[in-house]
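Here's the structure we're looking at; comments come further down.
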Amino acid sequence: MAKDKTIKCKDCGQDFVWTAEEQEFYEKKGFSAPLRCKECRVKARANFNNGQGGSTHQRQSFPITCSQCGKQDTVPFEPKGDRPVLCRDCFRKQREQ
């Protein structure tokens, strides 16, 4: 039988005990070992459920002019100028082909 393990939380830095029973449960479910203590897991889950996607950073959008149709749109990455950038509609059409 597995022994209790002490793990350092990646968020708060506090040590927490991962019990043998918890290890057995995680193994049965195919989960990997927890990286956060219970309190930080609850906070991370609350942030995720509040639309923050598990992150405290807002997603950034960058304005573009579609290289194919000329329409104004935004993309979730900063264009470097070395490749054509498509609006959502043209990108979707290209993926379907």
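The values are calculated or read from the model by the stated rules, or taken from the named source; none is laboratory data. Nothing here was measured: the structure is a model prediction, and the numbers come from that model. Quick reminder, even Gly has a Cβ in these numbers, built from the backbone with ideal geometry, and neighbours come from all protein chains shown. Remember, those area values only see protein heavy atoms, side chains included, never the ligands or the DNA or RNA. Shrake-Rupley method; radii C 1.70, N 1.55, O 1.52, S 1.80 Å.
Would you mind telling me the share, in percent, of accessible area of the chain contributed by carbon and sulfur at probe 1.4 angstrom?
Summing carbon and sulfur atoms, their accessible area is 48 percent of the total for the chain.
Give the lysines reachable from LYS3 as a straight Cα distance under 28 Å; neighbours fewer than 8 places away on the same chain don't count.
Cα-Cα hits under 28 Å: LYS28, LYS29, LYS38, LYS43.
According to a simple spin-label model (label point 7 Å from Cα along Cα-to-Cβ), what is the distance in nm between ARG95 and LYS38?
With each label point 7 Å from Cα toward Cβ, the separation is 4.1 nm.
Please give the solvent-accessible surface of ARG88 in Å², to the nearest 10, using a probe radius of 1.4 Å with every protein chain present.
120
Given Cβ point charges of +1 (Lys, Arg) and -1 (Asp, Glu) and nothing else, what value in debye, to the nearest 20, does the dipole of the chain about its Cα centre take?
220
Enumerate by residue number the chymotrypsin sites (Phe, Trp or Tyr not before Pro) in region 6-97 meeting two conditions: DSSP loop (anything except H, G, I, E, B), and at most 12 other Cβ atoms within 10 Å of the site's Cβ.
The qualifying sites are PHE31, PHE77.
What is the set of long-range amide H partners of LEU86 at a cut-off below 5 Å, with H atoms built 1.01 Å from backbone N?
SER67
How big is the accessible area of ASP15 in square angstrom, nearest 10, if you roll a 1.4 angstrom probe over the protein chains?
Surface open to solvent at ASP15 totals about 100 Å².
What number comes out for accessible area per residue over the chain if the probe is 1.4 Å? Units Å², please.
Value for the chain: 85 Å² per residue.
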